Each structure stands twice: as structure tokens, then as C-alpha cells.
Amino acid sequence: MREALTLALHGVGATSPNPMVGAVVVAGGQIVGRGYHPRLGEPHAEVFALREAGPRARGATLYVTLEPCAHWGRTPPCTEAIIGAGIRRVVAAMIDPDRRMEGRGLRRLAEAGLMTDVGVAEVHARRINEAYVKHRTLGMPFVIAKWAMTLDGRIATRSGESRWISGEASRAAVHEVRAACDAILVGVGTVLRDNPALTARTAAARRNPVRVVLDSTLRMPLDARVLARDGTPVLVATTPRAHPEVKAQLEAMGVHVVTVGASDGRVDLAALLQELGRRGVLSVLVEGGGAVLGAFADARLIDKVMVFIAPLLIGGPAPMPLAGRGVDRLVDAARLARTEVRRLDGDVVVEGYVATDAPWGGTEARD
């Protein structure tokens, strides 16, 4: 199963909205077939593993990181390929949370006379597909909040200068995270201040993630780099306060403009996440400034945090990463679990999950 989990990771940034899946066929105590789902629309991991195993699959055991599918989608059901290959036993790391599945695949195999087991290395399998699990459970994408800050908690100087707080190695790591996510989200303030391209500049990138901009009144200039017509989808979330002529101009440029206004006149973040989920977005990297990050934190919509801390001191009335309302009592603060700390050159990177009992969350007990 460890080998299958390693294989699954070869699909990072390419399989969404499908899950990342790895599979191995074992006969006589030896791995005779390996496979992983390489990208959306191509065969699933089980098919590649069975092809490599060939006739050695008859009577063998298949280890797979997710319950085999039993329905027709872009590809035929894997259960039928498994049965046809003569596999004797299937060991799955976890049940597929997709409502079309939820055990149906394993039941089909059992009905065909195969032995089945589930739950081997389930915690690791869920981590690999945490975004998929949340999307299939709630219909919303997994939200990663990321920021770079100084040792005294500033994300820019008092004049707004922020390039570059983090070092080159940290910035390269961010591009790897971008490449693994389905969407990058910023606020219009970031667009006006930094004019970012919001691309994944790494050799490992299979494609650029969808660019999402929060712009309540459509103040964004039409020549902003984020609106580049380079084949990458762009979605602008706005409110009824937006000027209809500007909206029409953006739509004529191929931009998806979504109106999701909240009662306070700002973009309704929960409604936006639901809309992104409907569009097949499984994961969102929030890179906005303090106002956007604070709004996500206030709404309790953050699943994971990535903080790049540079050995710098700015002080003074400089921007901090989380604006918004905040909390009055420590007991109400969002607490991180499964926290990891590592060094990237001179920077320190802290990652953690917002503690929750949800199956994609960070509760320590799940480990």
C-alpha cells in the first residue's frame, strides 16, 4: 500500500476533479504491476496496474489507495476490469466518498466472489486526497491560506512594500503549491497593488490554476495581468454593486463573472466556494492580503495554513496577515493541529490544519 500511495502522488496537479489514485498488483509476494491515474480522462490506476501485470494478475491481490469505481464516467468501471483480469483479492485504503460510490465498488467485487478489505493506511490515503474528500462531502473546495511574513508578523512595510519578504526557496515552494491547486484566490487590492500574474512557475506544473479575484465593485483595470488571455480560466467574484458595463466588458474578454453578494456588501465567501465546487474546483490557495485572509478566517472557511516566516523585523503600523474582526477570547481562536515546521534556507515554514472532526480536517486523533 505504501508503494500505491507513492504512485498516487504522480498525479499531483493533473487529475482534478478526479482523485489521485495508485495501485499495485501482487502475485507470489512480488509486485508484478504498478499504475496510477495520470490525468483527467485517462484510464484509472487499476487499469494501468492490470495491464502491466498481464496474465500474472490471475489469482493475485490488488492494492489500491481508493475503492475501485463501479460506474461509467469518462472511463469504464474499474470493477469490471478487475473481475475480468481474474484478481482474487482487493485491498483498498479507503471507501470512495463520492455519492455514486460509497462502498458500491467493493460490494460489486464481493458479489463477483472476490475477497475485499478496506482501511489499510486510510489516514495517509485521506491526506493525499483531502481536497477530493471535502469536495465530495460538502461540495466545496479545500481552502489553503498562505502568507509570507516577518518575524514580528508583518506582511509588508507601512508603505506597502512586500517584495520580497520570503526568500527564493520559499517562493519556489509556493509555486509548487500553486501547481498542485485548482485555483488561486486574491482580492482586488492585491491586483491593484502588485498586478500579479497568478501563475505556477515551476517545471512540475501541468497547468496554471484558475485565477479567482474578489472585486465587490469591479475596480480591477481591464489590462491587469491576472486577466491575460493565455488559456487559463479567470473568475471574478463580485456583488450587485458592480457596474453592469464593466461586467459586460469582462465577460466579452472571456472572464467568468459571478455575483455572490453578502448582506454587508462584500462577496459572500461561502457562496463563492459553493460555486467553485460546482465548477469542479477541489482546492483553492488563498493568497490575498490581510483583508481577504482575515475574511476567510472570520468565516471559518480555512482548512489548512501555510506560513513562510522570514528573519526580518519591520515594526510600526505595518499590515498584518489576518485583518477582519478576529476573536475576543482565546478559546474562540482557530487552533492548528498536525503542525509541521521546516527550514527553507533562512526562512521557517509552518504548516497546519485547522482542528476539526471533519474527515478532511486536522484533528490529531485521526492520526
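Could you list, in sequence order, all residues of the stretch 180-195 that are modelled with pLDDT of 90 or more, in a helix (DSSP H, G or I) and not hydroxyl-bearing (Ser, Thr, Tyr)?
Ala180, Val188, Gly189, Val191, Leu192
Which members of the stretch 204-234 meet the condition of being polar (S, T, N, Q) and more than 23 Å from Gly11 (Cα to Cα)? Explain how you work it out, then say what you get.
From the stretch 204-234, those polar (S, T, N, Q) are 208, 216-217, 232; that's our starting set.
Ser216, Thr217, listed by residue number.
Only one of Gly265, Gly261 is open to solvent by less than 30 Å² (accessible area, probe 1.4 Å), over 23 Å from Pro97 (Cα atoms), modelled with pLDDT under 95 and not aliphatic (A, V, I, L, M); which?
From the options Gly265, Gly261, the qualifying one is Gly265.
Given the criteria over 28 Å from His175 (Cα atoms) and free of Cβ contacts under 8 Å to residues at least 12 places away in the same chain, does Glu80 qualify?
On the way: over 28 Å from His175 (Cα atoms): yes; free of Cβ contacts under 8 Å to residues at least 12 places away in the same chain: yes.
So Glu80 fits the description; yes.
Here's a check for you: in the stretch 271-287, which residue that is open to solvent by 40 Å² or more (accessible area, probe 1.4 Å) and outside any loop (DSSP other than H, G, I, E, B) is nearest to Pro321 (Cα to Cα)?
First, the residues of the stretch 271-287 that are open to solvent by 40 Å² or more (accessible area, probe 1.4 Å): 274, 278-279.
With the extra rule that they be outside any loop (DSSP other than H, G, I, E, B), the set shrinks to 274, 278.
Numbers: Gln274: 25, Arg278: 29 Å.
Checking each candidate, the answer is Gln274.
Of everything in the stretch 218-242, what is out of contact with any strand residue (DSSP E or B) (no Cβ under 8 Å at 6 or more places or on another chain) and modelled with pLDDT of 90 or more? Give them in sequence order. Steps first, please.
In the first step, residues of the stretch 218-242 are kept if they are out of contact with any strand residue (DSSP E or B) (no Cβ under 8 Å at 6 or more places or on another chain); the result is 219, 221-225, 228-231.
Within the stretch 218-242, Arg219, Pro221, Leu222, Asp223, Ala224, Arg225 meet the criteria.
Return yes or no: is Ile165 touching a residue at least 40 places away in the same chain (Cβ under 8 Å), open to solvent by less than 30 Å² (accessible area, probe 1.4 Å), touching a helix residue (DSSP H, G or I) at 6+ places or on another chain (Cβ under 8 Å) and among the hydrophobic types (A, V, I, L, M, F, W, C)?
Judged against the criteria, Ile165 is not a match.
So, in the stretch 168-195, of the ones that are of a type in the set (Lys, Arg) and touching a residue at least 24 places away in the same chain (Cβ under 8 Å), which residue ends up least open to solvent (accessible area, probe 1.4 Å)?
Arg178
Please tell me if His135 is within 28 Å of Ala180 (Cβ to Cβ), open to solvent by 40 Å² or more (accessible area, probe 1.4 Å), within 19 Å of the chain's Cα centre (by Cα) and not basic (Lys, Arg).
no
So is Gly187 closer than 21 Å to Ala323 by Cα, in contact with a Leu (Cβ under 7 Å, 6 or more places away or on another chain) and not polar (S, T, N, Q) or not? Please lay out each step first, then the result.
Details: closer than 21 Å to Ala323 by Cα: yes; in contact with a Leu (Cβ under 7 Å, 6 or more places away or on another chain): yes; not polar (S, T, N, Q): yes.
Against the criterion (closer than 21 Å to Ala323 by Cα, in contact with a Leu (Cβ under 7 Å, 6 or more places away or on another chain) and not polar (S, T, N, Q)), Gly187 qualifies.
Does Ala49 satisfy the condition of being in contact (Cβ under 8 Å) with a residue 12 or more places away in the chain, in contact with a helix residue (DSSP H, G or I) (Cβ under 6 Å, 6 or more places away or on another chain), aliphatic (A, V, I, L, M) and under 16 Å from Thr6 (Cβ atoms)?
no
Every residue in the stretch 314-367 that is among the β-branched types (Val, Ile, Thr), at pLDDT 90 or above and outside any loop (DSSP other than H, G, I, E, B), please.
Across the stretch 314-367, the qualifying residues are Thr339, Val341, Val348, Val349, Val350, Val354.
Results for (1) open to solvent by 50 Å² or more (accessible area, probe 1.4 Å); (2) without any contact (Cβ under 8 Å) to a residue 60 or more places away in the chain, shown as yes or no for each residue.
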residue	(1), (2)
Gly289	no, no
Gly294	no, yes
Met320	yes, no
Ala334	yes, yes
Thr339	yes, yes
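Conditions tested, residue by residue: (1) part of a helix (DSSP H, G or I); (2) closer than 30 Å to Asp96 by Cα; (3) in contact with a Phe, Trp or Tyr (Cβ under 6 Å, 6 or more places away or on another chain).
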residue: Ala131; (1), (2), (3): yes, yes, yes
residue: Arg136; (1), (2), (3): yes, yes, no
residue: Ala148; (1), (2), (3): no, no, yes
residue: Arg158; (1), (2), (3): no, no, no
residue: Ser162; (1), (2), (3): no, no, no
residue: Ser166; (1), (2), (3): no, no, yes
residue: Ala169; (1), (2), (3): yes, no, no
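In the list Ala237, Ala242, which residue meets the criterion of being of a type in the set (A, V, I, L, M), more than 22 Å from Arg279 (Cα to Cα) and either under 20 Å from the mean Cα position of the chain (by Cα) or assigned to a loop (DSSP other than H, G, I, E, B) (or both)? It would help to see each step written out before you state the result.
Details: Ala237 fails: more than 22 Å from Arg279 (Cα to Cα).
Result: Ala242 is the single residue among Ala237, Ala242 that is of a type in the set (A, V, I, L, M), more than 22 Å from Arg279 (Cα to Cα) and either under 20 Å from the mean Cα position of the chain (by Cα) or assigned to a loop (DSSP other than H, G, I, E, B) (or both).
Report those strands (runs of 3 or more DSSP E) wholly inside the stretch 1-114 carrying at least 1 residues which are open to solvent by 10 Å² or more (accessible area, probe 1.4 Å) and among the hydrophobic types (A, V, I, L, M, F, W, C).
Here the list reads 22-27, 30-36.
Among the numbered conditions (1) part of a loop (DSSP other than H, G, I, E, B); (2) modelled with pLDDT of 90 or more; (3) open to solvent by less than 20 Å² (accessible area, probe 1.4 Å), tell me where Leu198 comes up short.
(2)
Would you check which residues across the stretch 203-217 are at pLDDT below 90 and open to solvent by less than 40 Å² (accessible area, probe 1.4 Å) and list them?
Correct list: Ala205 only.
The values are calculated or read from the model by the stated rules, or taken from the named source; none is laboratory data. Because the structure is a prediction, the values reported are computed rather than measured. A quick note on method: Cβ atoms are made from the backbone with ideal geometry, for glycine too, and the neighbour counts reach across all protein chains shown. To get the accessible areas, we keep the full protein, side chains included, count just its heavy atoms, and leave off ligands, DNA and RNA. Shrake-Rupley method; radii C 1.70, N 1.55, O 1.52, S 1.80 Å.
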